[in-house]
Amino acid sequence: MLFSPEPKVSEEDLFDFRVELNQLVSAIRMSRLTIITGIRRSGKTSLLNVAIRKSGLPYVYFDVRLSAYPNYADLAVIWARAIEDFIRRESGLREKILNALKDVTGLAIGINPIKVEVRFRGPGKLDIAQLLIKINDLAGEVGGKVIIAIDEAQELRRVNWLRFDRLMAYAMTT
Ligand SMILES: Nc1ncnc2c1ncn2[C@@H]1O[C@H](COP(=O)(O)OP(=O)(O)OP(=O)(O)O)[C@@H](O)[C@H]1O
Ligand SMILES: [Mg+2]
């Protein structure tokens with residue numbers, strides 16, 4: 001549906017973005033970090049949605065909509081939802097994902113039904129750095145890459161008690 005108000009997810013619904021889509025798919029496959037910028041309502045989310053699917057790579061998708069003063073719980077819940085969606089969607093990789101993430105501090109994965117729970121308080125709270133490293137290890141095991149797709153990534157600036165840029169850099173170089 002070309003005129004639906006939601007972001008698009010399939011290539012047939014994407015209008016006039018052939019060049020951008022191909023560029024984005026190759027960028028996702030070839031480079032470590034790709035940033036999509038553009039004015040509001042210009043199709044960034046749609047382009048991202050279609051490109052990650054077209055890339056054929058496994059992806060963890062984050063929609064970073066945060067409250068006015070985001071705390072650790074807000075962030076941990078966003079991770080939990082993203083991991084839950086990842087496990088549901090990538091059914092062929094389920095065993096490998098469960099195995100890779102089984103010892104992450106503060107993360108508990110239940111199957112049947114799939115449910116991801118996170119701790120966000122105390123010394124046993126979700127270790128986001130460790131989780132990123134485990135996803136990186138998983139990538140090695142599944143033959144190369146797992147995409148971390150973050151929509152509205154600029155929102156992470158508001159989590160000023162955690163340096164996401166450093167966390168990402170750390171996870172990508174270990
Ligand atoms: N190339 C396109 N083909 C079809 N529909 C499009 C295209 N670009 C944008 N749209 C439509 O325009 C609206 C805004 O698109 P989308 O949400 O993808 O943009 P955005 O840049 O992520 O917006 P925002 O800045 O609000 O996050 C949606 O209804 C989407 O379906
Ligand atoms: Mg958007």
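Each of 37, 45 was scored by other Cβ atoms within 10 Å of its Cβ. Listed from fewest to most, they are 37, 45. Rounded to the nearest 10 degrees, the inclination of helix 128-141 to the longest alpha-carbon principal axis of the chain is 70 degrees.
Using only Cα coordinates, the Kirkwood hydrodynamic radius of the range 57-173 works out to 14.5 Å. Principal-axis analysis of the Cα atoms of the chain puts helix 18-30 at an angle of about 30° to the longest axis. Each of 154, 124, 79 was scored by the projection of its Cα onto the charge dipole of the range 57-173, and the greatest displacement toward the positive side belongs to 124; charges sit on the C-beta of Lys, Arg, Asp and Glu. The angle between the Cα long axis of helix 44-55 and the main principal axis of the chain comes to about 80°, on a 0 to 90 degree scale. A simple charge model with +1 on the Cβ of Lys and Arg, -1 on the Cβ of Asp and Glu and nothing else charged puts the dipole of the range 33-141 at about 420 debye relative to its Cα centre.
Please give the per residue volume of the convex hull enclosing the alpha carbon atoms of the range 65-125, rounded to a whole number of Å³. It would help to have the intermediate numbers written out before the result.
Working: hull volume 4.7 nm³, N = 61.
Taking the convex hull of the Cα positions in the range 65-125, it is 76 Å³ per residue.
Taken as Cα centroids, the range 47-70 and the range 152-172 sit 15 Å apart, rounded to the nearest whole angstrom.
Take each peptide in 9-18, 55-64, count the other Cβ atoms within 10 Å of every residue, and average; sorted highest first, the result is 55-64, 9-18.
Every number in this text was worked out from the coordinates using simple rules, so none of it is lab data. Keep in mind the model is a prediction, meaning the values are calculated, not measured. Using ideal geometry, Cβ is built from the backbone for each residue, glycine included, and neighbour counts are taken over all protein chains shown.
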